[in-house]
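All of the numbers you see were taken from the coordinates with simple rules; none came from a lab. These numbers come from a predicted model, not from an experiment. Here the Cβ positions follow ideal geometry from the backbone for every residue, glycine too, while neighbour counts run over all protein chains shown.
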Amino acid sequence: MSDCLFCKIIAGDISSSKVYEDEKCYAFEDINPAAPTHVLIIPKKHIAKIADASDDDTLLLGHINLVASKIAQQRDLNDYRLVVNNGAGAGQSVFHLHLHLIGGRTMSWPPG
């Protein structure tokens with residue numbers, strides 16, 4: 001989508017601090033981190049929110065979770081949180097599906 005912030009980052013039109021990239025996804029440092037590690041993992045396919053994903057996206061959704069795990073391992077994180085917000089009321093501010101990898105500090109519950 002031409003007006004999507006994350007699509008522009010994937011395309012290289014907006015700079016980011018890249019952590020990981022492959023043919024299916026792109027990961028970069030969050031510009032407003034909630035913890036010492038706060039990486040966003042985004043599919044290259046534009047999906048506005050998790051509720052918009054289809055059965056055809058099953059492998060892609062699994063892939064971004066595995067990428068999050070690999071990044072956590074590379075950063076020696078034993079404990080971390082993975083978060084997907086669905087909709088503005090849940091805190092989603094960019095409507096391109098993204099997975100937050102948050103770690104490096106003790107997390108509390110409930111989170112919000």
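Here the relative contact order of the chain, from alpha carbon pairs under 8 Å that lie six or more residues apart, stands at 29 percent.
Counting only DSSP H runs of at least 4 residues, each contributing -39500 (n - 2.57), and dividing by the residue count of the chain, the helix-based mean residue ellipticity at 222 nm comes to -6500 deg cm²/dmol. Cys residues of the chain that find no other Cys beta carbon under 4.7 Å: CYS25. Residues whose amide H falls under 5 Å from that of LEU97, counting only those 5 or more places apart or on a different chain, are ILE47, ALA48, LYS49, with hydrogens built in the peptide plane. For the stretch 5-103, just say rounded, prolate or oblate: build the C-alpha gyration tensor, square-root its eigenvalues into a ≥ b ≥ c, call rounded for a/c under 1.5, and beyond that prolate if a/b exceeds b/c, oblate if not. In terms of gyration-tensor shape, rounded.
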